[in-house]
Amino acid sequence: MMQFDLGHIWATMGLLSKLVAFALVLMALASVAVVVERLIALARQASETRRFAREARPVMEAWDTARLVSIADGYGRSALARLVGAAVRRFQRAVEAGEGGVPPVELARREVSRRREAISADLRRGLSVLATVGSVAPFVGLLGTVIGIITAFQTIASGGLGAVSAGIAEALIVTALGLGVAIPAVLCFNYLTTRIAAVELALERSAGELIDEMENEHGRSSGEQSFGSAAAA
């Protein structure tokens with residue numbers, strides 16, 4: 001009587017079926033590696049962002065741009081710190097260079113837009129692997145199913161019911177393996193996408209507040225300069 005355990009089924013598998021199963025195992029390992037790495041990266045990002053926000057809030061209220069950039073440089077894993085540091089640094093350079101064709105606030109806004117795109121790409125690094133595994137793994141499992149059924153039909157003439165059952169079991173195991181790899185990959189992809197979308201939304205809101213503060217401070221400083229010039233005249 002045939003024993004339906006994984007070791008016995010693996011031993012009865014043909015070379016093609018083993019290659020298919022090995023490919024699915026590699027997909028599973030790649031998915032696990034991406035999920036673990038992204039979870040750790042997002043957790044570190046969130047932790048550093050909270051610390052940066054607490055330290056930078058009073059500095060931003062005082063509008064000490066040099067200190068704000070210095071603080072942001074100390075939180076390299078924080079998406080908010082990288083965004084704020086780049087925008088304030090660009091704003092500061094434009095203000096120090098004097099009035100030009102493009103206002104400093106507009107230059108900072110453009111820098112924010114560019115930096116948000118780069119940060120978004122960094123946050124989503126590796127998600128394409130999960131998307132690929134989630135869409136391809138079921139078809140790879142289906143390929144193993146077809147191979148197993150072909151093997152079962154080939155053994156009908158030479159073997160008995162046990163030989164046919166071995167081929168059918170091989171086909172079903174590879175199918176289940178393909179689904180077992182694809183389903184968690186899709187779930188993890190959706191979960192990580194939702195978390196990253198929340199981070200991007202928070203960045204957009206923070207960027208808007210930063211630009212508003214820049215417009216307020218730049219307008220105030222421009223007004224003071226105009227008043228000083230008028231008084232001197």
Worksheet item: Where in the stretch 40-54 does the amide nitrogen come within less than 19 Å of the point 7 Å from the Cα of Asn216, taken along Cα to Cβ?
Response: 53-54
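In what sequence, highest mean first, do 177-183, 48-54 appear when ranked by Cβ atoms within 10 angstrom?
Descending packing order for the listed peptides: 177-183, 48-54.
Sort 87-95, 67-75 for me by packing, meaning the mean count of neighbouring Cβ atoms within 10 Å per residue, highest on top. Numbers along the way, then the final one.
Values: 87-95: 20.7, 67-75: 17.9.
In descending order of packing, they fall as 87-95, 67-75.
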Item to complete: Work out how much length Arg67 to Ala131 would gain on full extension: take 0.36 nm times their residue separation and subtract the Cα-Cα distance, in nm to one decimal.
Response: 18.9 nm
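Rank by packing, highest mean first: peptides 60-66, 104-110, with packing defined as the count of other Cβ atoms within 10 Å averaged across residues.
Values: 60-66: 13.7, 104-110: 19.7.
The densest-packed peptide leads the list: 104-110, 60-66.
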Discussion item. Over the stretch 14-118, with the other protein chains present, what is the accessible area per residue in square angstrom, probe 1.4 angstrom?
Written reply: 54
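The values are calculated or read from the model by the stated rules, or taken from the named source; none is laboratory data. Just so it is clear, the structure is predicted and the values come from calculations on it, not from any experiment. Positions of Cβ are backbone-derived with ideal geometry, glycine not excepted, and every protein chain shown enters the neighbour counts. All accessible areas refer to the heavy atoms of the entire protein, side chains included, with ligands and DNA or RNA removed. Shrake-Rupley method; radii C 1.70, N 1.55, O 1.52, S 1.80 Å.
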